[in-house]
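Quick notes on the structure that follows.
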Amino acid sequence: MPEYMDPRYAMYNQNQYGDVQFEKKKTLVDYPIEGLDMRQYVQSIKEDNEAVLYDLYAVSNHVGGLGGGHYTATCKNPIDGTWNYYNDADV
């Protein structure tokens with residue numbers, strides 16, 4: 001199981017014929033802040049009793065299309081647990 005999940009996979013779609021299409025997905029993701037158990041999605045450990053837990057520590061937001069746009073982020077401070085908003089347009 002990877003230590004971190006790769007968000008780039010959210011940018012690809014596969015149509016009914018197996019062709020890969022590159023388009024920005026606009027689906028809302030409902031993700032728990034703590035304790036997301038990914039065991040059911042990992043074939044090699046699907047039957048194990050031990051949980052494979054991930055905690056959310058950052059969210060990257062993109063405004064625009066695949067050809068360009070702007071990113072902002074909300075990240076959790078590991079020391080005090082506060083969530084901070086980052087936007088380089090306001091530097």
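The values are calculated or read from the model by the stated rules, or taken from the named source; none is laboratory data. In this text, all values refer to a predicted model and were calculated from it rather than measured experimentally. Here the Cβ positions follow ideal geometry from the backbone for every residue, glycine too, while neighbour counts run over all protein chains shown.
On the stretch given as the stretch 50-65, residues that are loosely packed, with under 10 Cβ neighbours inside 10 Å and touching a helix residue (DSSP H, G or I) at 6+ places or on another chain (Cβ under 9 Å) total 1.
On the basis of being without any contact (Cβ under 8 Å) to a residue 60 or more places away in the chain, of a type in the set (Phe, Trp, Tyr) and within 16 Å of Lys24 (Cβ to Cβ), does Tyr71 make the cut? Against the criterion (without any contact (Cβ under 8 Å) to a residue 60 or more places away in the chain, of a type in the set (Phe, Trp, Tyr) and within 16 Å of Lys24 (Cβ to Cβ)), Tyr71 qualifies. For the stretch 37-63, the set of residues classified as hydrophobic (A, V, I, L, M, F, W, C), farther than 18 Å from Gly81 by Cα and either modelled with pLDDT of 85 or more or not in a loop (DSSP other than H, G, I, E, B) (or both) consists of Ile45, Leu53, Val63, listed by residue number. For the stretch 25-33, the criterion of being outside the structural domain of Asn87 (by TED's automatic domain parsing), modelled with pLDDT of 85 or more and not basic (Lys, Arg) is met by at least one residue. When Thr74, Thr82 are checked against the criterion of being among the β-branched types (Val, Ile, Thr) and surrounded by 11 or more Cβ atoms within 10 Å (Cβ to Cβ), a single residue qualifies: Thr74.
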